[in-house]
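Here is the structure we will look at.
The values are calculated or read from the model by the stated rules, or taken from the named source; none is laboratory data. Remember, it's a predicted structure, so these values are computed and weren't measured experimentally. Cβ: placed from backbone, ideal geometry, glycine included. Neighbour counts: every protein chain shown. Areas reflect the complete protein model, heavy atoms only, side chains present, ligands, DNA and RNA absent. Shrake-Rupley method; radii C 1.70, N 1.55, O 1.52, S 1.80 Å.
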Amino acid sequence: MAIIQQPAPSLLNQARLYYGFEEKTASPIRRCEGPGTDVILLFSFGPEWRIDRAPEPTGTWERRTSFVAGLRESSVLTEHDGHSIGMQVNLTPPGAYALLGIPMDEIADRTVDLEDVLGGGKQLPERLAALPTWAERFQLLDAVLAARLEEARPPSTCIEWAWERLTKTNGRVSVDALAAELGWSRKRLAARFREQIGLLPKTAARMLRFEHAKALLEHEELGLAGIGHVCGYFDQAHLSTDVHRITGMTPATYRRYLRSETNLQDAAPGTS
């Protein structure tokens, strides 16, 4: 079960979506997720999550309850024991920079405990869980985020513009073009992007291009060569290399996974 809610209009530049979720299964569930283009706040109402890299998993799972996940360069494996319940907030990277009040490169390619970056991190999941309806929980999220936003350090309007430019083109704008349009040097753009987005502009563009390809793999019947062309890859081999580097799967295996929502428990995600 998942309930999707838009944040209050005053928050839409910072928070894209709220999710309320609960899942019960007869056995542990393992999934390949991300990397995505949002910074994630995950509020667990008790159950634990285990997290590892998808490509070349270490086998040493991070154990988290409520956590923050920054932008990443690869997918992750997530696993729970058969019950998950909680809420998720999808923040834009500039919105996360403002609301969390920390440089985004501090949480890039990482998950960190919620309490380490969000004041009252332990109390908020408990407050959300104690409310009787999802509507009241969404209202509490609106109130908490709006209060933080009043005291937040705003992101650079230039970085907000650059991020929007990249997202609207699915990463198909060169770093040189971004820097020229801003009147900045590449070095200045890279430094500010790392601070307020979490990744270098070129890396962020690659993740956006991958997310576009992922959507086409999941929902369209285009062949791999066609997807590669539409998404700006040099050729099909370039697409295949990128998908494997990010997910640990071949494009064909990844497409089957996306369309079947296969439980990866006891499977080897790197096999084709």
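Counting only residues that are buried (at least 19 other Cβ atoms within 10 Å of the Cβ) and under 25 Å from F193 (Cβ atoms), segment 22-46 holds 8 of them. Filtering segment 106-141 to residues that are open to solvent by less than 30 Å² (accessible area, probe 1.4 Å) and under 24 Å from E73 (Cβ atoms) leaves I107, A108, T111, V112, L114, V117, L118.
How do the helices (runs of 4 or more DSSP H) wholly within segment 179-241 filter down when requiring 1 or more residues that are β-branched (V, I, T), closer than 24 Å to D105 by Cα and under 16 Å from the mean Cα position of the chain (by Cα): which remain?
Fully inside segment 179-241 and qualifying: 201-219.
A search for C-beta distances below 8 Å between a residue of segment 65-78 that is under 21 Å from I246 (Cβ atoms) and any residue that is aromatic (F, W, Y) and open to solvent by less than 10 Å² (accessible area, probe 1.4 Å), counting only pairs 6+ apart in sequence or on different chains, returns nothing.
Is at least one residue of segment 222-240 within 30 Å of A8 (Cβ to Cβ), in contact with a helix residue (DSSP H, G or I) (Cβ under 7 Å, 6 or more places away or on another chain) and either of a type in the set (G, A, S) or open to solvent by 40 Å² or more (accessible area, probe 1.4 Å) (or both)? Steps first, answer last, please.
Taking segment 222-240 and keeping what is within 30 Å of A8 (Cβ to Cβ), we get none.
Looking through segment 222-240, none of the residues is within 30 Å of A8 (Cβ to Cβ), in contact with a helix residue (DSSP H, G or I) (Cβ under 7 Å, 6 or more places away or on another chain) and either of a type in the set (G, A, S) or open to solvent by 40 Å² or more (accessible area, probe 1.4 Å) (or both).
If you go through segment 142-177 and keep only what is aliphatic (A, V, I, L, M), open to solvent by 30 Å² or more (accessible area, probe 1.4 Å) and without any contact (Cβ under 8 Å) to a residue 40 or more places away in the chain, you end up with A143, V144, A147, A177. With the structure loaded, tell me whether A96 is closer than 26 Å to R153 by Cβ, in contact with a strand residue (DSSP E or B) (Cβ under 6 Å, 6 or more places away or on another chain), modelled with pLDDT of 95 or more and not in a strand (DSSP E or B) or whether it fails that test. In short, yes. The set of residues in segment 108-126 that are in a loop (DSSP other than H, G, I, E, B) and in contact with a helix residue (DSSP H, G or I) (Cβ under 7 Å, 6 or more places away or on another chain) comprises L118, G121, K122.
One residue stands out among those in segment 45-68 that are aliphatic (A, V, I, L, M) and not in a loop (DSSP other than H, G, I, E, B): the one that is farthest from the chain's Cα centre (by Cα), which is I51. For the criterion of being among the small types (G, A, S) and modelled with pLDDT of 95 or more, A15 passes.
Every listed requirement among (1) among the β-branched types (V, I, T); (2) over 25 Å from M1 (Cβ atoms); (3) open to solvent by 50 Å² or more (accessible area, probe 1.4 Å) is met by T92 save one, (3). Note on segment 47-77: among residues that are open to solvent by less than 50 Å² (accessible area, probe 1.4 Å) and in contact with a His (Cβ under 9 Å, 6 or more places away or on another chain), the one that is nearest to L200 (Cα to Cα) is P55. Contact map, segment 116-141: first residue under 12 Å from M87 (Cα atoms), second residue open to solvent by 100 Å² or more (accessible area, probe 1.4 Å) and acidic (D, E), Cβ cut-off under 8 Å, separation 6 or more or different chains; the map is empty. Being open to solvent by 50 Å² or more (accessible area, probe 1.4 Å) and over 25 Å from Q5 (Cα atoms) is a description that applies to K187.
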